[in-house]
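Novice: Please read through the structure below; I'll follow up with questions.
The values are calculated or read from the model by the stated rules, or taken from the named source; none is laboratory data. Note that the coordinates shown come from a computational prediction; the quantities given were computed from them, not determined experimentally. Note: ideal-geometry Cβ built from the backbone for every residue, glycine included; neighbour counts use all protein chains shown.
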Amino acid sequence: MTERFTITTPIYYPNDRLHIGHAYTTVAADAIARFHRLRGEDVFFVTGTDEHGQKIEDRAGKVGKTPIAYVDEIVSDIRDLWQTLGISNDDFIRTTEPRHERVVQEVFRRLEAKGDLYLSQYEGWYCTPCESFWVEGKLVDGNCPTCGGPVARLNEESYFFRLSRYAEPLLQHIESNPEFIQPVSRRNEMIQFIRQGLEDLSVSRTSFRWGIPLPQDPRHIAYVWVDALTNYITACGYLQDPERFNRYWPADVHLVGKEIVRFHAVIWPALLLSLDLPLPKVVYGHGWLLLGEQKMSKSKGNVIDPRQLVRRYGRDAVRYYLLREVPFGADGSYTEDALILRTNVDLANDLGNLLSRTTAMIERFTGGVIPGPASSSLRGQAEETVRRVEERLERLQVSDAVAAIFELVKRANKFIEEEAPWQLHRSGDPRLADVLYDLAESLRITAVLLKPFLLEAPNAIYRQLGLGDAAGATLADAAWGGLAAGTKVERGEPIFPRIETERAAEETPAAPAGSAPAKTEAPQAAPAEAGTITIDEFQRLDLRVGTILEASRVKGADRLLELKVDLGEGEPRTVVSGIAEYYEPQALEGTQIVLVANLQPAKIRGVVSHGMILAGKTADTLQIVSPREPLPAGTKIK
């Protein structure tokens, strides 16, 4: 029987458009769901919207709409956001759906039948933004301990759930199932919270009407958190589809923000115990994605729209940043500069450049055909990477799993420098076949492992390796040796152009990214303060001597030259350089230059440039850096 895996996100409150913090949770859940599908499991991935409560009723009234008309617009926007980010949820549940109302009402009937519901008077503090009840001792400086906002004194008739009855059973479950609340810091917080004493919970309201009426007393509507938490069993088919419910419940993972762990790890399990239903296996409370030092909040207005980031940088870049930047479970800080850096260093320089260099060498040295190897140097690292990715995702260590994949990418890049395939080709060394196969096979396995995290790059890697589409690849395909010798590569455009190049292109089409440090046609960034780098950072630069074979002006660009440069690789490289103001094309032919050979390719005025020429510039002149005496093309500068 196929293994099954159920994962949920919190259902989001549609009082306003969602932001990058919400996207962080949902993209992480999506990556985990996609990983389990990659393993061939039957996955049920649920997200949705929590649409009732006083806050929605108040907000709708202020804009002159009914609550349902108000939330319908925002829910449509949320669905569009998840589509933009490629979220692969199997169900999208709305708490205003009839299927959910039926379940909530039956839950209240069963709580009453169990003796866990009673009518009394609630007098205490209530936070409307959080929809949370608080006793005096839990307030922080008189404010809500969750959001820090003001609380209001309430005095109204209410039904209460006997939460206090379940304190000891909850503690026993938490202590006998250490994986139930993760990470450990959240588990310790919840144990302390329960040991301080659990008050019975007010679970109905009479002061507003936007909610699900209780079947035994329609004057009361269900407390929004009981309504919202019940979504998980509604989506799994509770009371309506027994086969589905037995298949997908209990959930394997409830993925939530740390601020709502209390509801999911205390109130929700207590309700399930009262209903005699199995508890979820894991409640994982991840950290916040902060803006500066502050939690992003719709009410504070300090939010980032993920759609703008996708339009600017691409879906894969945004997903990669969210999944890689923050150690999962800890807080992290969002900055656009960090997103750009991650994209340029990891995706463009490391992954994109590895694909570009590998396919270029296969084209130049073996006629575009992947050779058959006699032995392998990267197989051990690749197999260890597969094991580490699987192990880390089983532990919900999402960012660590992504990092493990890019360790393989970095190793493959270093392998190129160690083996120098161009020299093996020049000398006719038969090890060239082993090296080229290792690089291509490492890229193929990388593409398979990236499928849960990135949506376009795995297919692009497969296509350039001549393998068509990666859609059907499973984790079993990450086994070494799956790339058939004789496959013909199909080189394409860089899969991750550098972001600075794109920005320059928006300013001016002629921006000579990849050219020498001459006057350019794009605005120049302010110079950074002088600093130091490590020897490892310097060694990442592949500086080589090249000979200019041909030079011509780039059509429509006064400052750009298109150069054909011999680097000893067989086929000359094309390099676009912004030096036309200082050199006539004919005078450059035969000149030796120093080239940054491992720079991410960039498309400039329709020409793809594969490197950057070094030059020195004063106020009124520029000189190309050249060796004093001629050196063989391809000589490495150290």
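Novice: All but one of (1) farther than 18 Å from GLY21 by Cβ; (2) out of contact with any Pro (no Cβ under 9 Å at 6 or more places or on another chain); (3) at pLDDT below 95; (4) surrounded by 19 or more Cβ atoms within 10 Å (Cβ to Cβ) hold for LEU378; which doesn't?
Specialist: (3)
Novice: Just one of ALA222, ALA235, ALA228 is surrounded by 20 or more Cβ atoms within 10 Å (Cβ to Cβ), small (Gly, Ala, Ser) and in contact with a Leu (Cβ under 9 Å, 6 or more places away or on another chain); which is it?
Specialist: ALA222
Novice: Read through the list (1) assigned by TED's automatic domain parsing to the domain that holds LEU561; (2) assigned to a helix (DSSP H, G or I); (3) modelled with pLDDT under 65, then give the number of the only condition that ARG503 fails.
Specialist: ARG503 satisfies all of (1) assigned by TED's automatic domain parsing to the domain that holds LEU561; (2) assigned to a helix (DSSP H, G or I); (3) modelled with pLDDT under 65 except (1).
Novice: Filter region 211-246 down to the residues that are aromatic (Phe, Trp, Tyr) and modelled with pLDDT of 95 or more and list them by number. Break it down stepwise before answering.
Specialist: First pass over region 211-246, keeping only residues aromatic (Phe, Trp, Tyr): 223, 225, 232, 238, 245.
Selection gives TYR232, TYR238, PHE245.
Novice: Here's a follow-up. Yes or no: region 191-201 includes at least one residue that is basic (Lys, Arg), surrounded by fewer than 16 Cβ atoms within 10 Å (Cβ to Cβ) and over 19 Å from ALA265 (Cβ atoms). Please lay out each step first, then the result.
Specialist: Residues of region 191-201 basic (Lys, Arg): 195.
Checking the rest, the ones that are also surrounded by fewer than 16 Cβ atoms within 10 Å (Cβ to Cβ) come to 195.
Applying the additional criterion that residues be over 19 Å from ALA265 (Cβ atoms) yields none.
No.
Novice: Considering only region 195-244, state which residues are among the charged types (D, E, K, R) and either under 34 Å from the mean Cα position of the chain (by Cα) or farther than 30 Å from GLU175 by Cα (or both). Please lay out each step first, then the result.
Specialist: Filtering region 195-244 for residues among the charged types (D, E, K, R) gives 195, 199-200, 205, 209, 217, 219, 227, 241, 243-244.
Answer for region 195-244, where residues must be among the charged types (D, E, K, R) and either under 34 Å from the mean Cα position of the chain (by Cα) or farther than 30 Å from GLU175 by Cα (or both): ARG205, ARG209, ASP217, ARG219, ASP227, ASP241, GLU243, ARG244.
Novice: Which of the residues that make up region 120-167 are under 37 Å from the mean Cα position of the chain (by Cα) and assigned to a strand (DSSP E or B)?
Specialist: Within region 120-167, TYR126, CYS127, SER132, PHE133, TRP134, VAL140, ASN143, PRO150 meet the criteria.
Novice: Please work out if GLU3 is in contact (Cβ under 8 Å) with a residue 12 or more places away in the chain, of a type in the set (Asp, Glu) and within 30 Å of GLY472 (Cβ to Cβ).
Specialist: Values: in contact (Cβ under 8 Å) with a residue 12 or more places away in the chain: yes; of a type in the set (Asp, Glu): yes; within 30 Å of GLY472 (Cβ to Cβ): yes.
It is true that GLU3 is in contact (Cβ under 8 Å) with a residue 12 or more places away in the chain, of a type in the set (Asp, Glu) and within 30 Å of GLY472 (Cβ to Cβ).
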